[in-house]
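Worksheet: one structure, shown below.
What follows is calculated from the coordinates using simple rules that are stated; it is not laboratory data. On a predicted model such as this, the values are computed, not experimentally measured, just so you know. In this analysis, Cβ positions are derived from the backbone assuming ideal geometry, glycine residues included, and neighbour counts consider all displayed protein chains.
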Amino acid sequence: MRVTVDGVVVDLAEESTALAAVRIAGADLPTLCHDDRLTPVGSCRTCMVRLDGRVVAACVTPAVDGAQVGVEEEDLRRMRHDAVEVIVSALPPQALEGDGELARVCRALGIGPQAAQGGTDQGRDHSHPFVHLDRDLCIACGRCVRMCAEVQGTFALTLVGRGSETVVAPGTGGPWAESDCVACGGCVDTCPTGALTEPGLPIGTHLASLTRTRTTCGYCGVGCALEVLTRDGEVAAVRPAKDGPVNRGHACVKGRFAHGFLRSPERITRPLLRRRSGLEPVSWDEALDHIARGLWAAVNEAGPDAVAAISSARATNEENYLIQKFMRVVIGTNNVDNCSRLCHSPSAAGLTAAFGLSGGTDAFEDVERADCLLVVGANPVEAHPVVGARLLQRVLRGARLVVADPRAVGLAGYADVHLRPRPGTNVALFNGLANVLLTQGMVDEEFLRHRASGLPELTAILAGYPPDRVAEITGVPAADLIAAARLYGQAKRPAIVHGLGVTEHLHGTDGVRTLANLAILRGAVGTDRGFGVNPLRGQNNVQGASDMGALPDLLPGYNRVTDSVARGRAEQVWGTEVPDHDGLRIPQMFAAARSGDLRALWIIGEDVCATDPDTNQVIEALESCPLVISQELFLSETARHADVVLPAASWLEKDGTFVNFDRRFQRVRPALVPPDQARTDFAIVHAIAAAYGADLGCPTPAEALAECGRVAPVFAGITHQRLDREGAIPWPCPNAEHPGQARLYLDRFATPDGLAHLAARPYLPPGESPDDDYPLILITGRRWAHYNSGNMTRRSGTIDLDPSDHIDMHPADAAHHAVRDGDTVLVESRHGRTTLPARLTEEITPGQLFCTFHFSSSRANALTSGHADTVTSCPEYKVTAVRLRRTQGRS
């Protein structure tokens with residue numbers, strides 16, 4: 001389509017607006033009610049143009065082929081000037097201060113502060129820690145309301161009042177802090193007048209005076225691109241990048257506002273060494289010398305396998321690469337692991353077995369195009385809010401939704417079918433769904449003939465999982481199972497998204513394999529008929545930590561340490577031999593420490609005393625190990641048990657890359673310098689190597705990633721320089737000309753035979769089941785305002801939004817135990833005990849409890865068991881048999 005704008009001919013896509021044509025032509029129009037992320041409404045009338053002789057609002061008027069659009073005609077300029085002047089006349093003069101959108105528009109139109117004649121009597125709402133409202137500056141454009149509804153999907157805002165007194169307000173009618181707001185900040189970003197601001201950027205702030213740094217969020221695995229605004233070495237604000245490849249100008253409360261931990265007085269800024277009196281500050285030289293001597297002693301007395309390292313999903317790819325290289329090249333052991341062991345190692349194992357590679361099968365923008373979403377064991381609305389919001393918008397626009405989760409949270413409220421299986425029965429549930437697909441003819445016969453194997457074996461085992469039997473095992477009504485299978489089976493483009501509710505089980509890998517069966521049966525992976533299986537990764541770089549080889553059995557790029565060809569390639573690059581046997585997994589490390597076989601344990605950025613199961617056994621392991629090194633931001637529970645504590649830099653102080661949940665490499669850039677003597681993990685690994693008498697090479701993060709590409713050809717085409725140009729690149733990316741493969745398996749699967757492998761797996765019970773002594777089942781997970789062990793969010797403003805932990809229980813269970821809302825209860829398992837206030841909610845199923853591990857004082861993981869996935873050793877966090885009793889009334 002071709003349109004002429006003031007004599008300039010522009011080419012447009014179909015269904016474009018006149019506003020798009022004007023912008024392509026390089027002209028400028030005020031658009032006070034318009035945001036490209038929102039549905040246009042044309043209410044402010046400030047973008048008036050002439051289209052084929054008619055005066056129209058450009059934002060809501062479709063362009064037509066051959067149209068003539070006038071912008072700079074005198075009557076149109078006057079019309080726009082008058083429209084803006086009328087809007088400004090009701091505002092106080094401060095509305096035109098700073099360089100906000102309205103102020104910029106007024107300067108462009110020649111409208112001065114004298115035009116603002118409004119009063120200051122409608123009041124303010126500063127009750128929320130992150131969003132401040134000044135009603136006097138509100139022009140009722142509705143952008144914030146639409147942002148909350150159309151992008152975030154929270155529907156927390158509305159417009160109240162009449163005429164000139166119409167203003168935005170929380171939909172609940174009370175103070176903003178008591179509303180449904182989840183503090184994504186989208187309303188602040190879109191507000192054109194400064195009616196909505198954040199404390200770090202009050203109205204009148206000149207953004208040009210701030211330093212901008214583009215980086216990638218260091219919280220969950222979504223990989224939101226952010227702009228960090230700093231002044232005088234402090235963060236003034238963090239804003240989502242409008243061209244972020246995943247977030248597209250959106251963020252959540254953590255990435256947007258949870259940066260207060262940077263200024264916390266509890267930040268560790270000097271090395272600490274354990275003396276008789278406890279941990280004391282020492283110089284870096286003394287700390288490094290102590291570590292080097294301890295490592296030498298461990299290796300010389302018991303061999304290299306007496307040393308182990310837990311690498312960090314919070315660290316960059318380059319740091320993880322350097323850590324595993326240090327362990328293999330300098331120490332001579334494969335004893336390196338990362339926290340994917342505790343969350344998505346079953347995803348990696350299951351997806352590799354089914355399809356050949358350990359990552360999700362499709363890019364998120366493809367998943368977002370699905371006409372049926374099967375969301376299993378995940379609560380993205382709270383744990384991955386940007387993804388949750390975009391999936392919700394897809395559902396609101398007509399996609400069908402099946403949610404499989406024991407709790408009625410997040411997307412479950414919008415599901416066409418909500419399956420609530422008993423914890424630990426996923427394999428039976430997925431086999432039941434596959435049974436319906438197969439028996440009712442909802443499978444892709446051609447795909448199964450030419451691109452898959454294992455159908456006869458699967459067919460045989462599925463005969464034992466008809467809907468009625470599955471209902472007995474899972475508690476899911478047979479009718480619901482059939483309805484869910486039909487929605488998925490009859491969709492044109494189905495997609496599966498799963499989380500830790502699938503993986504953190506005794507048979508988590510079987511859960512992933514049997515879930516993958518559904519996509520294979522439908523031919524919905526590696527084709528244009530669906531969007532495969534996609535795990536939502538937990539921590540910011542849990543995908544990248546594994547990609548870089550911070551695993552005991554895998555080298556960078558997921559090559560097995562027992563593979564002589566892959567090992568030879570690494571040895572050629574590194575110039576030394578690599579051990580040819582698997583190292584210890586995290587649970588094995590703790591067991592070896594308790595038995596006296598492990599003499600040195602290096603823990604980087606992980607609070608294992610809070611996040612790992614069976615806390616008492618973890619503490620015993622740390623106390624038994626002669627040398628424990630903790631590399632941390634704060635004196636975490638783990639650091640308190642360490643012999644040496646090294647002060648580390650945060651993600652806002654680092655250079656490197658992260659890999660997000662759909663395999664995209666993105667740049668991480670330092671917005672600040674680390675405080676005092678804190679160092680990046682990259683610098684610390686180099687320093688420990690030097691103290692040990694070794695040189696790891698690759699002196700910069702860019703050189704480390706380049707070297708990784710030589711060890712792992714799957715990453716060979718990804719460099720810092722290319723990422724700086726292109727923004728994000730998915731792996732596999734074998735060379736500099738390759739764009740990266742966002743969708744996998746379009747030609748063949750990465751298995752040895754090139755086929756997708758169906759898995760015939762029987763249902764086996766979880767490690768623990770309710771009984772007379774422990775009649776309830778505890779599930780652990782996340783809440784929206786916090787992250788992981790809470791070490792960062794509990795030291796940021798988000799603590800005001802969710803100040804303490806509690807345990808969720810159904811009112812029926814509460815009545816049985818004589819517990820009222822807010823009562824303190826003692827929760828006991830066979831492994832430990834803790835006390836928590838009770839919260840009564842029907843989100844939880846009778847017989848089940850839910851709590852988080854965000855608060856170390858709650859000691860939630862003192863309750864969880866040592867049961868773990870039989871393939872990967874991932875802990876069974878989702879099924880712990882417990883009992884409870886009321887200890888006191890409301891506190």
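Relative to one another, the C-alpha centroids of the stretch 81-154 and the stretch 575-621 are positioned 56 Å apart. Seen from Gly123, the other residues with C-beta closer than 10 Å to its C-beta sum to a net charge of -2, counting Lys and Arg as +1 and Asp and Glu as -1.
Rounded if a/c is under 1.5, else prolate if a/b is larger than b/c, else oblate: which is the stretch 345-535, with a ≥ b ≥ c the root eigenvalues of its Cα gyration tensor? Rounded.
When peptides 269-275, 185-191, 686-692 are sorted by average Cβ neighbour count within 10 Å, with the highest value leading, the order is 185-191, 686-692, 269-275. With K and R counted +1 and D and E -1, the other residues having a Cβ less than 12 Å from that of His507 yield a net charge of -1. Applying 1/(1 + (r/R0)^6) with R0 = 56 Å to the Cβ-Cβ distance of Glu365 and Arg275 gives a FRET efficiency near 0.55. Taking the charge dipole of the chain about its Cα centre, with +1 at Lys and Arg Cβ atoms and -1 at Asp and Glu Cβ atoms, the residue from Phe682, Val235, Phe715 reaching farthest to the positive side is Val235. Ranked by how many other Cβ atoms sit within 10 Å of their own Cβ, fewest first, the residues Tyr774, Tyr745, Tyr465 fall in the order Tyr774, Tyr745, Tyr465. Proximity of backbone amide H atoms, modeled 1.01 Å from N, is registered between Arg560 and Leu555 at under 5 Å, excluding neighbours fewer than 5 places apart on the same chain. About its Cα centre, the stretch 604-663 has a charge dipole of approximately 180 debye under the convention of +1 per Lys or Arg Cβ and -1 per Asp or Glu Cβ, with nothing else charged. Karplus-derived 3J(HN,Hα) values for the stretch 203-209, using 6.51 cos²θ - 1.76 cosθ + 1.60 with θ = phi - 60°, are 4, x, 5, 8, 5, 5, 7 Hz; glycine and proline are entered as x.
A full extension of the chain between Glu301 and Glu286 corresponds to an added length of 3.2 nm, given 0.36 nm per residue minus the alpha carbon distance. Taking Cβ atoms as reference points and 10 Å as the exclusive limit, the residues near Ser650 contribute a net charge of +2, counting Lys and Arg as +1 and Asp and Glu as -1.
The overall shape of the stretch 2-89 is oblate: from the C-alpha gyration tensor, with semi-axes ordered a ≥ b ≥ c, the ratio a/c is 1.5 or greater and a/b is no larger than b/c. Residues whose amide H comes within less than 5 Å of that of Val497, counting only those at least five positions distant or on another chain, are Leu374, Val375, Val376, Asn534 (H built at 1.01 Å from N in the peptide plane).
Residue separation of Glu577 and His816 scaled by 0.36 nm, minus their Cα-Cα distance, works out to 79.8 nm of gained length. Taking 7 Å steps out from each Cα toward its Cβ at Asp800 and Ala13 produces label points 4.0 nm apart. For the stretch 290-402, the residue among Thr333, Pro385, Ala292 whose Cα projects farthest onto the positive side of the dipole built from Cβ charges is Pro385. Beta-bridge orientation, the chain: approximately 60 percent antiparallel, per DSSP, counting only bridges with both partners inside.
Multiplying each eigenvalue of the alpha-carbon gyration tensor of the chain by 5 and taking the square root yields semi-axes of 45, 33, 30 Å, largest first, rounded to whole angstroms. Once both labels are positioned 7 Å from their Cα atoms along Cα-to-Cβ, the gap between Glu72 and Arg833 label points is 8.1 nm. Of the residues Leu201, Ser796, Leu840, the one whose Cα sits farthest towards the positive end of the charge dipole of the chain is Leu840 (charges of +1 on Lys and Arg Cβ, -1 on Asp and Glu Cβ, taken about the Cα centre).
In a reduced charge model with +1 at each Lys and Arg Cβ and -1 at each Asp and Glu Cβ, the chain shows a dipole moment near 460 debye about its Cα centre. The count of lysine pairs in the chain whose Cα atoms are under 25 Å apart, excluding pairs fewer than 8 places apart on the same chain, comes to 5.
Full extension of the chain segment joining Ala591 with Met1 gains 205.6 nm, where the gain is 0.36 nm per residue of separation less the Cα-Cα distance. Label sites at Asp65 and Arg293, each approximated as a point 7 angstrom past Cα along Cα to Cβ, lie 8.2 nm apart. A Förster radius of 60 Å, combined with the Cβ-Cβ distance separating Leu746 from Thr120, puts the computed FRET efficiency at roughly 0.50. With r as the distance between the Cβ atoms of Ala408 and Glu457 and R0 = 35 Å, compute the FRET efficiency 1/(1 + (r/R0)^6) and round to 0.05. So, using R0 = 35 Å, E works out to roughly 0.45. Around the amide H of Ala716, modelled in the peptide plane, lie the amide H atoms of Cys733, all under 5 Å away and 5 or more residues distant in sequence or on another chain.
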